[in-house]
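Participant: Please see the structure below; I have some questions.
Read the figures in this text as sums done on the coordinates, not as results from a lab. Everything numeric in this text was worked out from a predicted model, so none of it was measured. Methodologically, a virtual Cβ is constructed for each residue, glycine included, from the backbone with ideal geometry; neighbour enumeration extends over all protein chains shown.
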Amino acid sequence: MKINRFLIAGIVVALLQSGVLYAMVEKHAMVLRHGTMITLATEPVDPRDLLRGEYVRLGYGISSVGTDKVTGNKPETTGLIDIYVTVKEGADGRWNFASASWQKRTDIAAGDVQLHGRTLNHSYAVTNDVYAVQYGVERYYLPEGWGQTVEKMQGEHALDAVIAVSKAGDAQISALKYNGRLLYREPAY
């Protein structure tokens, strides 16, 4: 009788753990499958960290937002705070900054996309009247052997990141492009 209880409890725990892992993977895959695709030009960032595997650090023009460009009521809390940045597609197919707000906007123009970012809310966190915004797409892990090649391309300012953006504004890197050509596509799973 006691063995059956432990067996049932073990099975329930294993199923719960498996469910949590599946939910994490599926959340990432859902954004890649159903998110709005935008293309952002990358900017070089020092990519060295030998302990974390093969990856590149990516910077974007929308990662620096002027303090005078943000509308709404700034949260009073300190630490990481939410910021919502709206981008619009340019003539070259790359998406560029359109506006920013401390609150999620519901009145964005048709065709524009709103990203959910985070920035530090401290007086010392603002440099040159600019907020440093992170969207969760600043680090991209690559298959072994690709890191230095991608770094070189990024240094030539010819590397674009194709970003999938969910309706909530969450972002995932879907692909990398070099001079407009597909370089690497992220598998959904």
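Participant: Would you pull out the residues with amide H under 5 Å of Ile83's amide H, same chain only if 5 or more places away, H placed 1.01 Å from N?
Facilitator: Excluding prolines and chain starts, which carry no amide H, the hits are Gly117, Arg118, Thr119.
Participant: Which of the listed residues, Val25, Gly155, Thr127, is farthest toward the dipole's positive end in the chain, when Lys, Arg count +1 and Asp, Glu count -1 at the beta-carbon?
Facilitator: Of the options given, the answer is Val25.
Participant: Go through 175-181, 35-41, 20-26 and give me the packing order, highest mean Cβ count within 10 Å leading.
Facilitator: Final packing ranking: 35-41, 175-181, 20-26.
Participant: With +1 on each Lys and Arg Cβ and -1 on each Asp and Glu Cβ, how big is the dipole of the chain about its Cα centre, in debye rounded to the nearest 20? The partial results should precede the final answer.
Facilitator: Details: 20 positive and 20 negative charges, 144 e Å.
Value, rounded to 20: 700 debye.
Participant: Once you have the Kirkwood Rh of the range 35-185 from its Cα pairs, apply Stokes-Einstein at 25 °C and 0.890 mPa s and quote D in µm²/s.
Facilitator: Numbers: Rh = 16.1 Å.
Diffusion coefficient, whole number: 152 µm²/s.
Participant: Less than 27 Å apart at the alpha-carbon level, and either on another chain or at least 8 residues along: which lysines does that give for Lys104?
Facilitator: Leaving aside lysines fewer than 8 places away in the same chain, those within reach of Lys104 are Lys27, Lys69, Lys74, Lys88, Lys167.
Participant: Students often get this wrong: which residues of the range 125-147 have the backbone nitrogen under 16 Å from the point 7 angstrom along Cα-to-C-beta of Leu80?
Facilitator: 132-140, by backbone N distance to the label point.
Participant: Further question on the same structure: Go ahead and run the numbers for FRET between Lys152 and Asp92, Cβ-Cβ distance against an R0 of 30 Å, rounding to 0.05.
Facilitator: The calculated FRET efficiency here is 0.85.
Participant: Also, I was wondering about something else. Within 10 Å, count the other beta carbons around each residue, average over each peptide in 11-19, 61-69, 153-161, and list them highest first.
Facilitator: With the highest mean Cβ count within 10 Å placed first, the list reads 153-161, 61-69, 11-19.
Participant: Excluding residues on the same chain fewer than 8 positions from Lys152, give the lysines whose Cα lies under 18 Å from its Cα.
Facilitator: List returned: Lys177.
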